[in-house]
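Since the structure comes first, as structure tokens, the remarks are kept for the end.
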């Protein structure tokens with residue numbers, strides 16, 4: 001049963017990340033150059049792996065999120081992303097509680 005819960009949790013997380021990638025991909029042409037390069041090279045910098053950057057990738061993702069909500073107000077991708085992220089968090093937190101109450 002633990003393997004099933006782990007697979008469900010990991011798949012929910014992967015789907016949430018994939019949905020965020022689709023959101024960023026939608027607004028990528030509309031982002032300014034600094035945010036676009038920060039999101040594109042999240043793990044890699046020009047000089048090497050994961051050095052401190054002037055731009056914050058989380059701020060760039062926030063700008064992409066805000067731009068997506070302004071550009072596509074009726075898009076359901078943001079709702080799907082939030083739902084998947086909440087479902088992931090609930091699945092991770094519910095499994096230990098279920099183990100405690102199932103043991104009785």
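All of the numbers you see were taken from the coordinates with simple rules; none came from a lab. Predicted model, so just to flag it, every value in this text is computed and none were measured. Glycine also receives a Cβ, built like all others from the backbone with ideal geometry; neighbour counts cover every protein chain displayed.
How far is it, in nm, from the label point at residue 99 to the one at residue 33 when both lie 7 Å from their Cα along the line to the Cβ?
5.2 nm
Report the FRET efficiency, 1/(1 + (r/R0)^6), for residue 58 and residue 1, where r is their Cβ-Cβ distance and R0 is 30 Å, rounded to 0.05. Walk me through the numbers on the way to the answer.
Working: r = 35 Å, r/R0 = 1.18.
Given R0 = 30 Å and the Cβ-Cβ separation, E is 0.25.
Based only on other Cβ atoms within 10 Å, what is the fewest-to-most ordering of 35, 26, 70? Write down the numbers at each step before the final one.
Working: 35 23, 26 16, 70 10.
Ordered by Cβ neighbours within 10 Å, fewest first: 70, 26, 35.
Among 39, 21, 8, what is the fewest-to-most ranking by other Cβ atoms within 10 Å?
Least to most surrounded, the residues fall as 21, 8, 39.
Give me 98, 65 sorted ascending by neighbouring Cβ count inside 10 Å, so fewest comes first.
Ranked by crowding around the Cβ, least crowded first: 98, 65.
Taking 0.36 nm per intervening residue step and subtracting the Cα-Cα distance, what contour gain separates residue 14 from residue 83 on full extension? Before the final figure, lay out each step's value.
Numbers: separation 69, 0.36 × 69 = 24.84 nm, distance 1.29 nm.
Roughly 23.6 nm would be gained on extension.
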